[in-house]
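Structure, as structure tokens:
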Amino acid sequence: MRKKIIAGNWKMNILPSETEALVKAVAEATKDYAGKVDIVCCTPAIDVPAAVNAAKGTAVEIGAENCHWKASGAYTGEISTGMLLDAGAKYVIIGHSERRQYFGETDETVNLRSRAAIAAGLTAIVCVGETLEEREAGKLNEVIDRQMKLGLKDYTVADCEKLVIAYEPVWAIGTGKTATPDQAQEVHALIRAILVELFGSETAETVRIQYGGSMKPSNAAELLAKKDIDGGLIGGAALKAEDFAGIIAAAAQ
Ligand code: PGA
């Protein structure tokens, strides 16, 4: 049985001065599910220290939203894996569609960033997902296959212990449109099959695959009931402790 993992993606919301209150509210609202579900808040890098501090002694773990692949050096504006670890982060989101869309993230840089994160000891949440145009043009399988194989190029079986995949159809992110449980399960099964192809079935069975895209308390249970949906990557609903806790409650069922 794969343990469910619900991760909030705060995106570019929540000030450092607002961080402690939100993390504490999440910890309080989800304390009954501690140990049953992995609970993660991925925050802007500047919020990580406050988030880590607020999460101390609770089941909430903290992650970031991106990292660079070099250990240090002249990379103005970037954040290294060592910086995240030093601040107490355990997770990092890599290759979110907003980074692919607005910041030139490619499958190659997803590969570099995620391998560096895993080598450093972070758990990488690697995001994949098709745009509406790609889906309508019948390219869904091709896009997922490419993102998975290039994104996970040169991964070892051991690397998969620190890997979470997030399937996020771009057309469902922040739009209020959710993939139906069947639509999501179909792609999760495809992702699982690609993992089998890459790493063998034993390893593929251990990798958790989150769904992301307008997941909320009212639709979480039916999505999370699907065989290959092992959690959620939550944007909007992660900004309110009670909504986030509602999703975690569904994952604990
Ligand atoms: P959403 O975002 O839940 O607001 O759709 C999900 C994400 O982008 O990770």
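Please treat every number below as a calculation from the coordinates, not as lab data. Since we're looking at a predicted model, the values are computed, not measured. Reconstructed Cβ throughout: ideal geometry from the backbone, glycine too, with neighbour counts over all protein chains shown.
Report, in listed order, any pair from Lys11/Lys177; Lys11/Lys139; Lys11/Lys36; Lys36/Lys177; Lys56/Lys153 with a Cα-Cα distance greater than 24 Å. Present the calculation step by step, with values, prior to reporting the outcome.
Working: Lys11/Lys177 19 Å; Lys11/Lys139 28 Å; Lys11/Lys36 26 Å; Lys36/Lys177 28 Å; Lys56/Lys153 35 Å.
Beyond 24 Å: Lys11/Lys139; Lys11/Lys36; Lys36/Lys177; Lys56/Lys153.
According to the Cα gyration tensor, what semi-axes, each the square root of 5 times an eigenvalue, does the equivalent ellipsoid of the range 104-244 have, listed from largest to smallest in whole Å? Please report the intermediate quantities before stating the final value.
Working: eigenvalues 107, 59, 47 Å².
Output for the range 104-244: semi-axes of 23, 17, 15 Å.
From Cα pairs below 8 angstrom and at least 6 apart in sequence, can you work out the relative contact order of the chain, rounded to a whole percent? The partial results should precede the final answer.
Details: 514 pairs, mean separation 55.8, N = 253.
Value for the chain: 22 percent.
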- When the charge dipole of the chain is computed with +1 at the Cβ of Lys and Arg and -1 at the Cβ of Asp and Glu, the Cα pointing farthest to the positive end, of Leu163, Ala34, Gly8, is that of Ala34
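Per DSSP helix of 4 or more residues, -39500 (n - 2.57); summed, then divided by the residues of the chain. What does that give at 222 nm, rounded to the nearest 500? Before the final figure, lay out each step's value.
On the way: 11 runs with 108 residues, N = 253.
Helices in the chain give a 222 nm mean residue ellipticity of -12500 deg cm²/dmol.
Just to confirm a number: summing +1 for Lys and Arg and -1 for Asp and Glu over residues other than Thr178 whose beta-carbon lies under 12 angstrom from that of Thr178, what do you get?
Numbers: positive: Lys177, Lys216; negative: Glu168, Asp182, Glu222.
Neighbour charge sum, excluding Thr178 itself: -1.
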- Message: Would you calculate the convex hull of the Cα atoms in the chain and tell me its volume per residue in Å³?
- Response: 114
- With only Lys, Arg, Asp and Glu charged, each at its Cβ (+1 for the first two, -1 for the last two), find how big the charge dipole of the range 5-251 is about the Cα centre; round to the nearest 20 debye. 280
- Message: Which chymotrypsin sites (Phe, Trp or Tyr not before Pro) in the range 94-160 sit in a loop by DSSP (not H, G, I, E or B) and have at most 10 other Cβ atoms within 10 Å of their own Cβ?
- Response: Phe103
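Over the range 202-253, what portion of Cα pair distances is larger than 16 Å, expressed as a whole percent? Display every interim value, and only then the final one.
Details: 468 of 1326 pairs.
Everything past 16 Å amounts to 35 percent.
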- What is the Cα centroid distance between the range 1-53 and the range 102-130, reported in whole angstrom? 20
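What is the extension gain from Leu132 to Val196, computed as 0.36 nm multiplied by their sequence separation minus the C-alpha to C-alpha distance, in nm to one decimal? Let's see the in-between values first.
On the way: separation 64, 0.36 × 64 = 23.04 nm, distance 2.66 nm.
Value of the extension gain: 20.4 nm.
Please rank Trp69, Trp10, fewest neighbouring Cβ atoms within 10 Å first, as an exposure proxy. Mind showing how you got there, number by number?
Details: Trp69 19, Trp10 22.
Going from sparsest to densest Cβ surroundings: Trp69, Trp10.
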- Are there trypsin sites (Lys or Arg not before Pro) in the range 72-154 that DSSP puts in a loop and that have at most 15 other Cβ atoms within 10 Å, and which ones? Lys139, Lys153
